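Working notes, structure below.
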Amino acid sequence: MLNLADDDEAENNRQSNLLAECLKRIQDQSFQMMRSIELVDLNATLDRAVDILKELRTSALAPRTYYELFMKILDHLRNLEDFFMNLNAQGTPMVQIYEQVQATNHVLPRLYLLITAGSCFIRSKEAPANVVLSDLLEMSKGIQHPLRGLFLRSYLSYATKDKLPDSGNAYLEGESGSVQDSIDFIVENFVEANSLWVRMHTKNSTNKKKRERERKDLRILVGMNLVRLSELEGIDSYVYKRDVLPRILDQVVACKDVIAQSYLMDCLIQAFPDKFQVDSLPIFLNSLPQLKGKVKVRVILENLMKRLGKYEEEEKSAIEMDEAVFFQLKDSANQLITERPSMSLLDIVLLQCSLLEFCSRMYSHRLDFVEICLEGATQAVVIKSTGTPLAEEVTDAIKRLLLAPLNSLAIRAAFSDKFVMLLRNLPWSSRAEVGRQFLQFVLGTDTTLNDPETMEKLLTMLAALIMEEPGNDDKEKSDENGKIEMLESDQNLLVKLLRKIPLEETDDAFEVLVVARKHFGRGGEKRIKFTLVPLVYIALELCRKAKAIEIEALKPKSSPVFDAFEGNLSEKEGEVEEGKSEESAEKSKIIPSPTHSDEKDGVGSEIDAQKNEPDEISEKGGESSESEYDESGEESADDDVPVPNSISAVSPLRIGSRKIFQFVHETVTAMAPLYPLLSLKLFLQSAVAADRAGFVPIAYEFISQACIIYEDEITEAKQQISATVLFCGTLTGCRNFPDNDWEALCTKTAQYCAKLLKKSDQCRAVSLCSHLFWGGE
Amino acid sequence: KNRKMAWLGLQPGATIILEFDGCEKRLTKATNSNEKKGLSSLGEKVPIFEGKEAVSGIVTILVSPGKKLEHLGIKIEMIGQIELYNDKGSHKKFSSLVRELDSANVLIGNRQFLFDFSNMEKPYDSYNGLNVRLKYLVRVTITRNYGSIAKDFEFAVQNIEKEDPAVNPSLKMEVGIEECLHIEFEYDKSKYHLKDVIIGKIYFLLVRIKIKHMEFAVVRREAAGTGPSVYNESETVIKYEVMDGVPVKGECVPLRLFLRPYNLTPSYRSIDEKFSVRYYLNLVLVDEEDRRYFKQQEVTFWRKELE
C-alpha cells in the first residue's frame, strides 16, 4: 500500500516536471509567435504555432496533465485565430489560409491549425458553415490515438460551438447550413469521440484500475457533445425524439462499453429538458435492455425517474403526468428484470422501490400503480430468495419500498394484498419495524378508522407488533429490558390507534373495536395488558355514547339546552369517564353542570377515584330520575337491549349499548385467568358503567364476575386489600340495584373485608365497607 | 566572369547583353536550385518559355567608347542539352540551331541584333535533378582572330497541357499482410497536375498490428544514363503524416494533400533516352517497433500552367 502511494507520488512529480518543461518551451515559442504576428508574417507565425502544437503530440502525459497543457495551448490558439481574422480583414482570402495550414507535415498540429482556420473561415462567411464543418469533421479522423483524438475533437467542438447554424443565429441563412447540419455535426463528433474513448478500455488487468480512472477523467470530453446538442435552440422535442436521441442511443448501445454506457445514459437524462425526456421516453427505455449486463440499469432508471419527478415539482402547473409514462417505466423495469437473470434481488427491489417512489410523487392517488410495484418486488423475492433468509440490504430495501407509498396513499397502501404479501416475506423483526414506522405515520395523520375492514387490514399488517412470531414463544421469555421496553412502546403505539376510531357512529365504532380485540387478543400474555385494558375503556365509553343515542331517540323533542350540553360533552370526550358522566348528563335537568364536570374528574382516570363520595351521592340523586325516565319512556328502548322496565321501541342503533356491554364482558373474561386483579378492576369499572346505563342485571353480573375472580384467583393479601377497596368504591358508585341485589352485594363485600388476613386490614376494610350500609335510600 | 577578365587586362573589348522578348512579364526560375530545395533558394533567375513558344529577343554588343571591335562573324546558337553528372560531365546536345547575326565586320559603339528561334522545337522541360540536368541556353559568339568572345544566356522551358487528361481513373488498391493488416486505399486520380490536390481515403479492414502512425509520401525516382551506367536515385519529396494512433477495424482515414507548396516536376519518361523521372505515392504504416509497412503506387504528374 505504502509502496503504491510512493509510486503515485513519484508519478505525479514526474508528470508535473514534464508539464513544466512543455510549458517552458511553449512560452518561448509563443513569444516568437506573437512577434511574428506583429510583423504580419503568416509563414513564420504558422511555423511557431506548429512548434507549440507539437507539444500535444506527446504520449508521456497522463490525461490530467495533458488537459492542463491543452488548456494552455488553447490560449495561444485564440491569439492565432485573432491573427487570422485580422489577415482576412486586410484582404487575405480565408481559403488561402485554410489551404496553407494544411501544408503542415504532422497531422496533429495540422488539424489544430485547420480547425482554427476553419473557425475563422466560417466567421468570415467566405464559405458555407456546413461545408467547413463537415470538412473539419472528416479531417479529424486523422487522429486515431484515443487521448489526442479526444482532445482534438473537444477543441473542434469548442472552436465551432458559436458557429453552428442554429435557429436565430447568423449562420443559418441561405446556403450556410441548417440546424440539421449542426445536429449531424455534433452527433458525428460525439460518435467519434466516444469511439476513441471506448478504445481506451483495456483488458490488461494490471493497469485496469489506473486506466479506468484515467478514462473517467476524460469522460467530460465525450459528454460535452451532448451538452452542445442540448444548447442548440433549433432542436425541439420532436426533433430530439425523431432524430437526435435515436442516433445517440445507437452509438451508446453499439459501443458496448460499460463505463461509457453508464455515463452517457446519465448525460442524456441530465442534459436535455424534461419535456424531451417525457416525449421520447419509450425510445430511451427501449435501449436499456440492450446495454451491457454490467451497466447498472437500475441506477439509470432511478436517475430518470428522479429527473422526471423534479420536472413535476418544478413545473407545479397541473400537468398530470400521463399515466402512459408509468406503464412505460414499469414495462421497462419488468423487461430488464426478466431479461437479466443476473440482476440481484437487491437491485430488483431497489428498482421497484424507485418506481414506487416515482409513483408516489407523480400519481399520488394511484393505488393500482403502487400495487404493481409491490407485486413486482414480491415476485422477485419469491423467485430469487428461494427460501433462504434475505440479506440485510434487501430487507432494508423492502422496508423502504413498503414505506414509500405512505406519504401519498397513507393507510390505503396497507389495504393492498400485494403489500401484505410482500410484508410477509420479511423477517418478523423487519416486519415489526415497518409496522412501527407505518403506525407512527398513521398516528401522525388525521386518519379516522371507522370501518372494520380498514382496521382488519391495518392490524393484519401490523401483526408483527401485535403478536409474537409464530413458533417463537419460548425464545423471548428470557428477554432483556430493551426488548421489553420496545414491546411496551409498541403496544402503546398500537393502543393509540384506538383513538382514531370516531365514536360518534357507535355501530361502526363497535365493529372496529371487535376487530381490534380479535387482533389484540392474539398478543399473548405480555401484550394484552397494554392493549386490552384501553380497549375496554373505549368500549365503555362507546356504551355511554350508544346509550345516550338510545335515550335521545326516546325523547319526543330535545331541548336546546340539552343539545348544547350534549355537544359540549362529546367535544370534551376522550376518556373513559364519559361513560358515566354521560349518564348524569341525561339527568341534567336536575343536576347543575358544575357538579357534573366535577364528577367527570372524579371518576376520571381510575377506579380508585370512585371513592369520591360527593359524586356518588349526586349520581345517586340522578339515578332515580334516570330510572324513572326509563319507566316512563313509552317509546324507549330497543330490541337488542331490553332495558329493565323499558318498553321496546325502534332504536336508531344496530348495536345497542347492551351488546357493547356483552363485548366488554367477553373481553375482560378472556383476560381474567392471566391478569386476575386487572380483570377484577375492569369488571368493577364496567359494573359502574352498566349501572349508570341502567342495565342493572348486567352490572350485577359484572360484580359477580369480580367476586368469582376474587374468590378463585386473588390469594395475595395485598391484592385482596386493594380489591376490597375497589368493591366498596364500586358499590358506592352504583345506584340502581334493587334492594335485594344491593344487600347481597354489600354482604358479600363485607365478608371479603372481614376475611382479610391481618386484623388491621380487616378493620380498615370493614370500616370502608360500612359506608355501604347507610345513606343510600 | 567577363568583368573579372577585364580587370586582369584581358578585356575582351566588348560586352554582350541579351534580352529575351517579353522578359519583364515572364515568370522566372532559379537555375541552379535543385528541384528538391524549396522555392526560393538562391540562384540566377532565368525566364521561362513555354515549349512551343518562340525564343526571340535582342542581342546588344557594347563596345567601349573610343574602341573598335573587329570580328570575323557573330553568331547565335540555341542549345538544348542534357548533362549527366556521373558521366564525367558529358554534355549531350539534343537540339541545336545556329543563326548568324553579323558577318565579319568592325563594330564601333553599340550594336543591336534581333534574333528569333521561332521554329525550333523545345520538346523537353528544363530539369535539374540529382544526377542529370536538362537545360536550354542561347549562346552568342563573337569570333575574332585572337580569341573569340562567347556568352551563354540560359532560359527555362516548360511544356504545358491545357486540357485535363481524358482518362484519369482513380487508384484503388487492397493490400495487406495475411492475418495482420488489411487496408484498402484509394487516390482520386492517377494523374495530377502540379497544383492539384491529392484526395484519398484509407480504409482499415483488419488491424492486428500496433500502428503508431501513418505517413503519406511522394517519392521521385530519377534514372539517369543509358545501358549499364544508369544511375537510379530515389528521394522523398513530400512527407506528410496522415494518421496518428492505432485505427480500429472499419476506420477510414482521409488524405488531402495540396501539391502547390511543393516543388515538383512533371513525370518524364525516357527523355532523349537519357533519363526518366517518375513519381510514386507511398503509403507507409509505422508500427510501435518502428517497422514500416508500405505500398507504392505510381502516379503521373503533369504541368497545367507555367510556374
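Observations, loosely collected:
- By accessible area with a 1.4 Å probe, ligands and nucleic acids excluded, highest first: order of A:Arg692, A:Arg213, B:Arg278: A:Arg213, B:Arg278, A:Arg692
- Backbone phi angles across segment A:377-385, fed through the Karplus curve with coefficients 6.51, -1.76 and 1.60 (θ = phi - 60°), yield HN-Hα couplings of 5, 4, 4, 4, 4, 4, 6, 7, 7 Hz in residue order; Gly and Pro are listed as x.
- For peptide A:139-148, the mean count of partner chain Cβ atoms within 10 Å of a residue's Cβ comes to 6.
- Cross-link pairs beyond the 32 Å C-alpha cut-off, checked among A:Lys399/A:Lys529; B:Lys25/B:Lys135; A:Lys418/A:Lys496; A:Lys163/B:Lys172: A:Lys163/B:Lys172
- Test item: A:100-111 mean partner chain Cβ contacts at 10 Å: 4
- For segment A:84-228, the Kirkwood estimate of hydrodynamic radius, built from reciprocal distances between every pair of different alpha carbons, is 16.0 Å.
- The listed peptides B:246-258, A:442-454, ordered by packing as a protection proxy, come out as B:246-258, A:442-454 (highest mean of other Cβ atoms within 10 Å first).
- Counting Cβ atoms of other protein chains within 10 Å of each Cβ in B:249-261 and taking the mean gives 3.
- For segment A:315-444, alpha-carbon Rg and Dmax in angstrom: 14.5, 47
- Segment A:40-83: C-alpha gyration tensor shape, a/c 1.5 cut-off, then a/b vs b/c: oblate
- Overall form of segment B:236-307 per C-alpha gyration tensor (a/c, 1.5; a/b vs b/c): prolate
- Its residues counted as N, segment A:122-204 yields a C-alpha radius of gyration over 2.2 N^0.38 Å of 1.19.
- Accessible area (Å², 1.4 Å probe, nearest 10) - B:Tyr268: 20
- Accessible surface comparison of A:Lys418, A:Lys483, probe 1.4 Å, protein chains only, largest first: the order is A:Lys483, A:Lys418.
- Pairwise Cα distances in segment A:9-148 exceed 21 Å in 44 percent of cases.
- Segment A:200-260 shape via C-alpha gyration tensor axes, a/c threshold 1.5: oblate
- With the largest listed first and rounded to whole Å, the semi-axes of the equivalent ellipsoid of segment A:19-60 from the Cα gyration tensor are 21, 11, 4.
- Summarising the overall dimensions of segment A:675-741 from its C-alpha atoms, the Rg and Dmax are 11.4, 34 angstrom.
- Percent RCO, i.e. relative contact order, over segment A:214-328, from Cα pairs under 8 Å lying at least 6 residues apart: 29
- Each Cα pair under 8 Å and six or more residues apart adds its sequence gap; the mean of these over the residue count of segment B:189-257 is a relative contact order of 45 percent.
- Seen from a random direction on average, the alpha-carbon convex hull of segment A:397-450 projects onto 3.7 square nanometres.
- Solvent-accessible area of B:Leu27, all protein chains in place: 90 Å² (probe radius 1.4 Å, heavy atoms, ligands and nucleic acids excluded).
- Those lysines that a straight Cα-Cα span of less than 18 Å connects to A:Lys310, excepting residues fewer than 8 apart in one chain: A:Lys275
- Ranked by solvent-accessible area (1.4 Å probe, protein heavy atoms only, all chains present), the residues B:Val286, B:Val167 order from largest to smallest as B:Val167, B:Val286.
- Alpha-carbon Debye profile of segment A:422-474, log10 I(q)/I(0) at 0.12, 0.18 Å⁻¹: -0.29, -0.62
- Counting only Cα atoms, the size of segment A:160-303 along its three principal axes is 55, 30, 19 Å, in decreasing order.
- Summary value for segment A:348-432: 42 percent relative contact order, contacts being C-alpha pairs under 8 angstrom separated by 6+ residues.
- Separation between Cα centres of segment A:324-344 and segment B:94-160, rounded to whole Å: 93
- Calculated diffusion of chain B, Stokes-Einstein form, Kirkwood radius summed over Cα pairs, 20 °C and 1.002 mPa s, µm²/s: 95
- The convex hull drawn around the Cα atoms of segment A:643-777, when projected onto a plane and averaged over every direction, covers 8.4 nm².
- Square roots of 5 times each gyration tensor eigenvalue, C-alpha, segment B:149-265, largest first, Å: 36, 19, 15
The values are calculated or read from the model by the stated rules, or taken from the named source; none is laboratory data. This structure is a prediction, so every number in the text was calculated from the model and none was measured. In this analysis, Cβ positions are derived from the backbone assuming ideal geometry, glycine residues included, and neighbour counts consider all displayed protein chains. Just the protein is used for accessible areas: all its heavy atoms, side chains included, with ligands, DNA and RNA removed. Shrake-Rupley method; radii C 1.70, N 1.55, O 1.52, S 1.80 Å.
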